[in-house]
Amino acid sequence: MFDSHLALLLDQAVALVNTLTDGHARGRPYTAPRGADLADAVDTAIPRTASSLPRAIDAEQAAYLTETAGRMREVFQAVQDDRPDAAATTVNDLLRDTGARPRLDRSEAGPWQLHFHGPDDSFAAGSSASCTTALALAVGGGLAGRLGVCRAERCDRVYVDTSRNAARHFCSTACQNRTKAAAFRARQQPG
């Protein structure tokens, strides 16, 4: 299915979308962090240990990541709505706009690693390009069905289904349990 590098980048895409976009999470309204809280939110979404890019997240980079997260959300939603052409179009636009390009880089005394950004790109540009490329590989590699939007009521958080049988429908166990409990209560109603 997904190799470890691709899985890491897809996890980062999910974290950025779920952290930086407004909507609903686990049955409650969710407002994405703004202003001074945005840099900390990005650090939570993509921990410093998960990226070798330099991290100086100013207001401009935070805005760039927020815009990218909103556009990546469109990809997940298009896949969920069975609109593959819309998903592909959005991914292609993101690839162009982020300047994504594959290249091999060697870390100090380490092996060669595949990156999807230039050596001098900012953290925001590099992260956006990498996450976008991961979405492109999923959508164009026959794994688009593994991208999803939570099906629980009042939740629109996204996820990547890494289960063996591709049966995931929820962003979290909490949403799955909430949905099952509601269905159980509905069955118990006299009627």
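The values are calculated or read from the model by the stated rules, or taken from the named source; none is laboratory data. None of these values were measured; they are calculated from a predicted model. Ideal geometry is used to build each Cβ from the backbone, glycine not excepted, and the neighbour counts take in all protein chains shown.
Considering THR98, THR132, the condition of being at pLDDT 90 or above, within 20 Å of PRO47 (Cα to Cα) and not acidic (Asp, Glu) is satisfied by THR132 alone.
Return the residue satisfying two criteria in turn: it lies in segment 153-166 and is in contact (Cβ under 8 Å) with a residue 12 or more places away in the chain and basic (Lys, Arg), and of such residues it is surrounded by the most Cβ atoms within 10 Å (Cβ to Cβ).
Step one: filter segment 153-166 for residues in contact (Cβ under 8 Å) with a residue 12 or more places away in the chain, giving 153-162, 166.
So of that shortlist, the ones also basic (Lys, Arg) come out as 154, 157.
Details: ARG154: 15, ARG157: 24.
This residue is ARG157.
All of (1) within 23 Å of the chain's Cα centre (by Cα); (2) more than 19 Å from GLU74 (Cα to Cα) hold for ALA181 with one exception: (1).
For segment 14-29, enumerate the residues that are crowded, with 17+ Cβ neighbours inside 10 Å and either among the hydroxyl-bearing types (Ser, Thr, Tyr) or at pLDDT below 95 (or both).
Within segment 14-29, the first condition is being crowded, with 17+ Cβ neighbours inside 10 Å, and the residues that meet it are 14-21, 23, 25.
Within segment 14-29, THR19, THR21 qualify.
Put simply, of ALA39, ALA100 the only residue that is surrounded by 20 or more Cβ atoms within 10 Å (Cβ to Cβ), free of Cβ contacts under 8 Å to residues at least 40 places away in the same chain and not aromatic (Phe, Trp, Tyr) is ALA100. Would you check if there is a residue in segment 133-152 being touching a residue at least 60 places away in the same chain (Cβ under 8 Å), in contact with a helix residue (DSSP H, G or I) (Cβ under 6 Å, 6 or more places away or on another chain), within 17 Å of LEU16 (Cβ to Cβ) and polar (S, T, N, Q)? No - not one qualifying residue is present in segment 133-152.
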